[in-house]
Amino acid sequence: MSHLCKISVLSCLSLLATGCETSEKSQPVREQVKIGDLAPRSSEPAASTGLLKTINFDIHIYEIPADKISELDAIWAALQTEPLRFTSYPAFADNFFRAGFGQIAVLSKIHYHLLQAGGQKVTTISLLLQDGQTDDLPITTLNSDRTISFVSSKAAREKVNIGPGILALRLKAQKIPPTKGVCKLIGYPVFAVPMAGSIPQLMEIAKAREFIFDGAAFGAKISPGELVFLAPAGYSDNLSTLCGLFFCKPEGSLFFSATQRKPPERKPAVRLLVLVCTEIRD
């Protein structure tokens, strides 16, 4: 099943990179486009100068109380959807994923509105991607097997058994020669089994267990000073769905009141991600 899934994913995700390379005239956000080759390139440095071509991101992870998710409306109003591309926008929306694109100037507005909603920044992770390589941002750990329902890129409602391992956001950044200072960013949820060593046989087994949730994939052309905001379209405490598992924490997090002197409260929480492109080394 895993082998067939990989063939299907690599087939249906064959062109979003092409979609990101379209002319300057933006296409409608709901237009279906395909994602480019998701397989990482060779790890050998490509530049004859000996300098690695890298794309740097700061990933800001926030949490807000689940009952304040409507407060995100002010953030969505400040973001764009036209620069974004999807394997299937209907599938992306049916998975209850939502994304927006903006300039670095809107980051302070995002931070302000999330704090106003009673939220808090959990951490900031700096990620350096080699040109054409992928890296996984762990979202949540699965300690046992579980069945997850999701919507595939073919807009079909499906289920898959995954675990133990991690649910991660896999990111790939690739430059667009000969253009300077711009790259294609592709992101998609993936179940993966982390490997501490480099034994080929074990790595092959781990790779065979991967599962890509292609219906929730997104992409965009991005330059330093631009960002993508990723959040759920609504709150769900159902951890057997892709959205619930990726974004939601029904077990809750501790939140401090910014306006009142009172002990922190544990409330069901929603996880939010801001992906900021900080540097492209050509």
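When we screen 95, 161, 143 for residues that are more than 30 Å from residue 279 (Cβ to Cβ), in contact with an Asp or Glu (Cβ under 7 Å, 6 or more places away or on another chain) and of a type outside the set (Gly, Ala, Ser), the only hit is 161. Within the range 76-112, being closer than 30 Å to residue 261 by Cβ and surrounded by 18 or more Cβ atoms within 10 Å (Cβ to Cβ) holds for one residue alone: 110.
Strands (runs of 3 or more DSSP E) wholly in the range 136-231 with at least 1 residues that are touching a Lys or Arg at 6+ places or on another chain (Cβ under 9 Å) and among the aromatic types (Phe, Trp, Tyr) - which ones?
On the way: elements: 146-151, 157-162, 165-175, 183-192, 218-222.
Of the strands (runs of 3 or more DSSP E) lying wholly inside the range 136-231, those with at least 1 residues that are touching a Lys or Arg at 6+ places or on another chain (Cβ under 9 Å) and among the aromatic types (Phe, Trp, Tyr) span 146-151, 183-192, 218-222.
Just one of the numbered conditions (1) touching an Asp or Glu at 6+ places or on another chain (Cβ under 9 Å); (2) at pLDDT 95 or above; (3) over 12 Å from residue 228 (Cβ atoms); (4) of a type outside the set (Gly, Ala, Ser) is not true of residue 109: (1). Scanning the range 119-159 for residues that are of a type in the set (A, V, I, L, M, F, W, C) and either without any contact (Cβ under 8 Å) to a residue 60 or more places away in the chain or under 30 Å from residue 56 (Cα atoms) (or both) turns up 122, 125, 127, 128, 129, 137, 139, 142, 156. Test residue 242 against the stated conditions and say whether it is in contact with a Phe, Trp or Tyr (Cβ under 7 Å, 6 or more places away or on another chain) and over 20 Å from residue 135 (Cβ atoms). So residue 242 fits the description; yes. Can you tell which of 256, 229 is among the aromatic types (Phe, Trp, Tyr), modelled with pLDDT of 95 or more and in contact with a strand residue (DSSP E or B) (Cβ under 9 Å, 6 or more places away or on another chain)? Criteria check complete, one pass: 229.
Does at least one position in the range 242-252 carry a residue that is loosely packed, with under 12 Cβ neighbours inside 10 Å and either in a strand (DSSP E or B) or touching a residue at least 12 places away in the same chain (Cβ under 8 Å) (or both)? Among the residues of the range 242-252, at least one is loosely packed, with under 12 Cβ neighbours inside 10 Å and either in a strand (DSSP E or B) or touching a residue at least 12 places away in the same chain (Cβ under 8 Å) (or both), which makes the answer yes.
Restricting 206, 233, 220 to residues that are over 20 Å from residue 137 (Cβ atoms) and either under 16 Å from the mean Cα position of the chain (by Cα) or free of Cβ contacts under 8 Å to residues at least 40 places away in the same chain (or both) narrows the list to 233. The residues in the range 131-163 that are in contact with a Leu (Cβ under 6 Å, 6 or more places away or on another chain), of a type outside the set (A, V, I, L, M) and crowded, with 17+ Cβ neighbours inside 10 Å can be counted, and the count is 2. Checking the structure you have, find out if any residue of the range 256-263 is surrounded by 13 or more Cβ atoms within 10 Å (Cβ to Cβ) and either over 15 Å from the mean Cα position of the chain (by Cα) or closer than 17 Å to residue 127 by Cα (or both). The answer is no; no qualifying residue exists.
Would it be correct to say that residue 237 is charged (D, E, K, R), in contact with a helix residue (DSSP H, G or I) (Cβ under 7 Å, 6 or more places away or on another chain) and modelled with pLDDT under 95? Here the answer is yes, as residue 237 does meet what is asked. Looking only at residues that are within 11 Å of residue 218 (Cα to Cα) and in a loop (DSSP other than H, G, I, E, B) in the range 82-109, which one is nearest to the chain's Cα centre (by Cα)? Top of the filtered list is 87.
This table checks each residue for (1) aliphatic (A, V, I, L, M); (2) out of contact with any Pro (no Cβ under 9 Å at 6 or more places or on another chain); (3) under 30 Å from residue 150 (Cβ atoms).
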residue: 180; (1), (2), (3): no, yes, no
residue: 183; (1), (2), (3): no, yes, yes
residue: 186; (1), (2), (3): yes, yes, yes
residue: 190; (1), (2), (3): yes, yes, yes
residue: 198; (1), (2), (3): no, yes, no
residue: 206; (1), (2), (3): yes, no, yes
residue: 213; (1), (2), (3): no, no, yes
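The values are calculated or read from the model by the stated rules, or taken from the named source; none is laboratory data. Remember, it's a predicted structure, so these values are computed and weren't measured experimentally. In this analysis, Cβ positions are derived from the backbone assuming ideal geometry, glycine residues included, and neighbour counts consider all displayed protein chains.
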